[in-house]
1. Give me the mean projected area, in nm² to one decimal, of the convex hull enclosing the Cα positions of the range 32-91.
2. Can you check what the net charge comes to around Ala41, using other residues whose Cβ is under 12 Å from the Cβ of Ala41 (Lys, Arg +1; Asp, Glu -1)?
3. Is any residue of the range 104-130 close enough, with backbone N under 18 Å, to a label point placed 7 angstrom from the Cα of Ala94 along the Cα-Cβ axis, and if so, which?
4. Over the Cα atoms of the chain, what radius of gyration and what Dmax do you get, in Å?
5. Cα-Cα over 30 Å: which of Lys9/Lys29; Lys58/Lys108; Lys9/Lys58; Lys58/Lys138; Lys9/Lys33?
6. Roughly speaking, what % of Cα-Cα pairs in the range 50-132 are separated by over 23 Å, rounded to a whole number?
7. I want the local charge near Phe73. Using Cβ-Cβ distances under 13 Å, sum +1 for each Lys or Arg and -1 for each Asp or Glu among the other residues.
8. Order these peptides, 112-125, 15-28, by their mean beta-carbon neighbour count within 10 angstrom, highest first.
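Throughout, read-outs are computed from the coordinates displayed, never taken from laboratory work. Since the structure is predicted, the reported quantities are computational estimates derived from the model, not experimental observations. Cβ: placed from backbone, ideal geometry, glycine included. Neighbour counts: every protein chain shown.
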Amino acid sequence: MSQQSDTSKRTETISIRIDSGLLNAFDHKIEEKGVNNRSKAIKELITEFVADSASEQKYNSRVMRWGVIWTAFDHHKSNVPQQLIDLQHQFQSARLENIGSLHFHVDKRHCLEVTIVKGEEGFIHRLIDETRSLQGTKHSGGSLIVPPDL
Ligand code: NI
């Protein structure tokens, strides 16, 4: 049996050569934010940077997937259906096909709309995130499905 080391739990000490003016400005900034630990602040920045790179990768993936995207909203307070129509037409392309949507009037106020798409994984992720940021949506999300081999 081979021994594996878990690199995510090991910590390392690094030293950084940095312009002192920039370091002062950084210390000032983190103090303003209430973080009095330079290591912690740098760790947070690195974490953010890695997460951003991961999301860039996420948006660039060209593998074919199916997607289910859903959003719940109060139809008295928003024009989500029109925004969804605009968004879905905008995303319609050879790389992402909108198969169809179902609109459910869940109760007197609330609606749930579910959309099925197929296309490049990156585009589905973009559509999920754009749907999530529509004005008036209460809860939104999406799942990617690996198409079964037929
Ligand atoms: Ni409705």
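1. Computed as one quarter of the Cα hull surface, the answer is 7.8 nm².
2. 0
3. Once the point is set 7 Å along Cα→Cβ of Ala94, 118-124 turn out to lie under 18 Å by backbone N, inside the range 104-130.
4. When restricted to the Cα atoms of the chain, Rg and Dmax are 21.9, 62 Å.
5. Violating the 30 Å Cα-Cα cut-off are Lys58/Lys108.
6. 27
7. +1
8. Ranking, from highest mean packing down: 112-125, 15-28.
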